[in-house]
Each structure stands twice: as C-alpha cells, then as structure tokens.
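The values are calculated or read from the model by the stated rules, or taken from the named source; none is laboratory data. Computed from a predicted structure; not experimentally measured. A quick note on method: Cβ atoms are made from the backbone with ideal geometry, for glycine too, and the neighbour counts reach across all protein chains shown.
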Amino acid sequence: MVQINPDEIIYWKWGASSLNETIVTTWIVMALLISLAWLSTRQLSIDPPFSRRQALMETIIGYMRSEIAEIASRASERYIPFSGTLFLFISVSSLLAIVPGYRSPASSLSTTLALAICVFFAVPLYGIAEQGAADYFKRYIQPSVLMLPFNIIGEFSRTMAMALRLFGNMMSQNLLVAVLFSIVPLFLPVVMNLFGMLIGQVQAYIFAVLATVYIVSGSSTGDKEKEKLSTRGV
C-alpha cells in the first residue's frame, strides 16, 4: 500500500516521542534554505559583475518586494521577512518533488496548520507594532461590542481555512501521483510530479499573498485602505 501522508512514515520512535517523514523533510527544506541564503550572501558585491547566486537571490527578493508593495500599497520591507519566508518554504518544498520518494511537508496537515498559526499570531503582532495594543484590539468590538465573539471566531476560522486549503491542494497532488503510479508506473507519474511542482508554486504564492493581505488588513488604520485591500482578489 502506498503511503501518501508523510505523518504516517515513522523513522524513529521512543516512548511518546517520534520522528516522522514530515519532520525530516521539514528539516531538509530548512537546511537547504539556510544553506542557499548563506551561500548567496557570501562575498556580496554592489557593482557588476554579480555572482549567479547573488543575481538569483536579488531577482527573487525583487519579485517578492514588488508583489508585496502592490498588495500592501506601502513599503514592503516590513513584510518581506515573514511573507517571503512562507513563500520560499512552500515553494522549495514543492520543487523538491523532483527527488524520487520525496513528499512535501506541506502535504501534512500538521505543517499547514503550523504555517497558518504563524500567520494567526503575526497578524496581531504586526498590528500592535503599527497601531498600538489599544487601537488594534479596539477593532474587535467595532461597530459594537456584540461583535467581539464573531470577530474572534472569524480569526480562528480564517486560520483553519488557510491550513485546510494548502493541505487539500498538496495532499490531493500526492494522492493523484500515488494512484497513477499504481496504474501506470513509468512516465505518467513523472509528468504529474512536474505538474505538481507548478501547482506547488501557485499554492506558495497564494498562501504568501493571503498572509500579507491579512497582516496588512490588521495593520491598517483607515477605512479606505481596508476597502482597497478587500477588493484585491486571490
């Protein structure tokens, strides 16, 4: 039977502690991102010719900066570290699908829920940093204090929706490849893996954009800016 959920693959277990495939692949992606960042920032130059690693990194960061600036309608430097990291983690997790036997940690609900929880806490942290605690939490009782429980429920439901959306798309990719591999074990699963890599990039983009929209919306101080953000569809 083909395992499609990386949580079910246990490499090591001792008592209540266990080491499954999700944790291992997450560590691999983290190590790869850290290594690429370290290599790309060695011997930086402000004058051409630039190294290929520096040129690639500046291209990626420039793309993220322009996208975030368009979404936020403000300087993007504040949001790049968080939103950019989310995008790169999910993106690299999907690109590694070219490695035989690899399953993206984003196809595990525990990973997608952890990413969504990060967004859940990032929204108030950014909002408090920009508006102050009193002004930020005041939004939960507007236009009436009766809206407090509904606004809180909305925050939790938004977090679960982000986690389930990413999990559903990544898990369905694994399921489809597993089914095709059992039927046509040669070329078609390879093609679907390549297609899954493309889907993974789209999901990375959508997740990072949603995170940025939620953070910027939580940090907004004017009704016009909120309306402007709400009209940007994903």
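When the stretch 48-67 is limited to residues that are polar (S, T, N, Q) and free of Cβ contacts under 8 Å to residues at least 12 places away in the same chain, the one that is farthest from Gln201 (Cα to Cα) turns out to be Ser51. Residues that are within 23 Å of the chain's Cα centre (by Cα) and either surrounded by 17 or more Cβ atoms within 10 Å (Cβ to Cβ) or among the polar types (S, T, N, Q) (or both) within the stretch 125-145 comprise Tyr126, Gly127, listed in sequence order. The residue list Phe89, Phe121 contains one member that is surrounded by fewer than 16 Cβ atoms within 10 Å (Cβ to Cβ), part of a helix (DSSP H, G or I) and out of contact with any Lys or Arg (no Cβ under 8 Å at 6 or more places or on another chain), which is Phe121. Within the stretch 69-86, can you find the residues that are assigned to a helix (DSSP H, G or I), modelled with pLDDT of 80 or more and closer than 13 Å to Ser219 by Cβ? Across the stretch 69-86, the qualifying residues are Phe82, Ser83. Residues in the stretch 92-118 that are of a type outside the set (S, T, N, Q), crowded, with 20+ Cβ neighbours inside 10 Å and assigned to a helix (DSSP H, G or I): 5 in all. Within the stretch 45-63, can you find the residues that are of a type in the set (D, E, K, R) and over 23 Å from Phe87 (Cα atoms)? Selection gives Asp47 alone.
Please enumerate the residues belonging to the stretch 19-41 that are outside any helix (DSSP H, G or I) and modelled with pLDDT under 85. Passing the criteria: only Thr41. Whether a residue is more than 25 Å from Arg78 (Cβ to Cβ), in contact (Cβ under 8 Å) with a residue 12 or more places away in the chain and under 14 Å from the mean Cα position of the chain (by Cα) was assessed, and Leu113 passes this test. Considering only residues in the stretch 1-52 that are among the acidic types (Asp, Glu) and surrounded by fewer than 13 Cβ atoms within 10 Å (Cβ to Cβ), the one that is farthest from the chain's Cα centre (by Cα) turns out to be Asp47.
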